[in-house]
Every structure is written in structure tokens, then in C-alpha cells.
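Note sheet for the following structure.
Every number here is computed from the coordinates shown, using simple stated rules; none is lab data. What you see is a predicted model, and the numbers here were worked out from it, not measured in a lab. Positions of Cβ are generated from backbone atoms using ideal geometry, with glycine treated the same way; all protein chains shown enter the neighbour counts.
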Amino acid sequence: MCRTCGCGEDEDVRVYEPTEAGHEHPRTREHEHGHEHPHSRHARTIELGVPVLAKNDELAARNRERLKEIGAFAVNLMSSPGSGKTTLLERTIRALDGARPVCVVEGDQETPLDAQRIRATGCRAVQINTGAGCHLDAVMFADALDRLGPPADALVLTENVGNLVCPALFDLGEQARAVIASVTEGADKPLKYPHMFQSADLLILNKIDLLPYVEFDVEQFAANARRVNPRVRIMHVSATRGDGLGAWTEWLLGRT
């Protein structure tokens with residue numbers, strides 16, 4: 001059990017990679033303890049919260065240095081479920097059209113479905129299933145980098161597990177964070193989940209093609225976002241229709 005947010009054991013984490021035949025096979029991550037089973041879970045869980053994050057941050061710093069050495073740039077995409085992350089990634093890869101190498105890390109609790117969608121665009125992708133876990137961490141990201149082997153100048157786009165709480169706590173080693181919200185959610189989301197929105201370098205408001213059909217106050221949403229994060233840049237996008245995609249791909253191509 002994760003001592004910080006109550007996620008599942010490492011044994012729940014599986015990495016899906018395609019075989020030469022195109023099938024998906026899960027691989028359970030090796031679990032290194034340094035302690036014996038069974039666990040005793042009492043008040044020590046409170047004491048271990050800081051060391052868990054400190055260890056994660058140490059590995060995240062190594063991941064970031066590794067990316068810097070090859071000139072790659074990693075973006076951690078975070079959102080609640082259903083905001084359109086995967087659709088945005090599909091559209092982004094096609095819009096970039098080889099202007100810069102792209103590889104993708106897909107995070108979900110179950111199934112390899114999102115990685116299959118990304119591979120259908122011709123992009124290399126690794127799926128990480130976290131089981132009961134509600135976020136990716138630096139260990140999982142390091143494992144994904146080993147398997148992807150991103151080339152020089154690559155964009156490493158990571159779709160984190162759909163969750164507006166726990167992913168904000170865990171640095172993967174990314175150089176930028178993009179939070180995706182949609183107009184089908186409430187304009188008060190930045191106030192309700194401030195830690196997530198405070199951590200964002202970029203805020204993408206997706207599904208703007210649905211604005212005529214939903215009650216969503218765009219100006220109030222922006223005001224709420226800047227209330228918790230005055231420096232955040234906000235883009236309006238329709239991943240299905242293509243609105244605003246040029247500004248998003250231009251931002252990506254400018255990352256070094």
C-alpha cells in the first residue's frame with residue numbers, strides 16, 4: 001500500500017508491450033522491498049509519507065537529467081477521466097507529422113486500450129497499468145524510458161492516470177506539466193483541486209466545440225485557474241474538431 005495516497009502494492013503494476021505478433025502481454029513489475037511480508041500497517045504510515053516522496057523526487061531528478069542529456073523533453077499530461085487526453089494525443093501526433101520525434105507513456109489502472117490507439121498513429125508507446133494505483137511515479141516513468149529509448153530531440157508525452165489529486169504529488173522527471181480540463185466539467189475545478197492546477201505550466205481547456213450545448217463559464221474558469229496559479233498559460237482546444245491545435249503543437253515544438 002502506498003504510504004502517501006493509499007495506492008495499491010507494486011505487485012499490481014503491469015507494463016504492456018506489443019509482441020512481434022501484435023499481441024499485448026502484461027509484465028508484472030519486479031517488487032523490491034527491503035522488508036519482509038506480512039506488512040504491519042499502523043501509525044508508521046504517517047511517518048513514511050515524506051521518505052516515499054523524497055525517494056520519488058530523487059529518482060525523478062535522475063530521469064530529468066537523463067532526458068536533458070539526450071535533448072528530449074517530457075510533458076506530463078494530467079486530468080480527470082474523460083477529459084480527452086488520449087484523443088488529444090492522437091490528434092497531436094498526427095498534427096506534428098514527424099516535425100519532432102514523439103513517444104508516449106500511457107498510464108491507466110487497467111487495459112492496454114489507450115496505447116493501442118496511440119500505436120495506430122504510428123507512434124511508439126508503452127502502456128503502464130497501475131492496478132489499484134491512482135498515479136504514475138518516477139520508478140514507472142524510468143521503466144518506460146528504458147523501454148521506449150527516446151531518441152535525441154524527442155517529445156516524451158505521458159498520459160497520467162485520470163485523477164486530479166494524486167498525480168500532482170508525484171514528480172516523474174518531466175520538464176513540464178499540462179493539465180487538461182473540459183467544458184463538460186465544472187468551471188470550479190481549479191478551486192476544488194488546487195494542488196493539481198497549481199502544478200500546471202499549461203492548462204488546456206478541451207471540448208470547446210461543445211460550448212453551445214453545455215453550461216460552462218469560460219471566463220470564470222480562467223479566473224479560478226489564475227486564482228490558484230497566476231502564471232499558468234491557458235489554451236482552448238477541441239481535440240475532435242482541431243480548434244486551437246496549432247497553438248498547442250507550436251508550444252510543444254518550442255520546448256527544449
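With one equal scatterer per alpha carbon and no solvent term, the Debye-computed log10 I(q)/I(0) for region 60-165 at 0.10 1/Å reads -0.25. If every alpha-carbon in region 100-158 counts as one equal scatterer, what log10 I(q)/I(0) does Debye give at q = 0.19, 0.27 1/Å? Computed log10 I(q)/I(0) values: -0.64, -1.16.
Note on region 136-256: with charges restricted to the Cβ of Lys and Arg (+1) and Asp and Glu (-1), its dipole about the Cα centre is near 280 debye. Between residue 223 and residue 176, the simple label model (points 7 Å from Cα in the Cβ direction) yields a spacing of 2.8 nm. Calculated on the Cα set of region 195-239, radius of gyration then Dmax: 10.9, 30 Å.
Applied to region 131-142, the Karplus parametrisation 6.51 cos²θ - 1.76 cosθ + 1.60 on θ = phi - 60° returns per-residue 3J(HN,Hα) values of x, 7, x, 10, 6, 7, 9, 5, 5, 4, 5, 4 Hz, with x for Gly and Pro. For region 156-256, pairs of C-alpha atoms spaced more than 17 angstrom apart make up 52 percent of the total.
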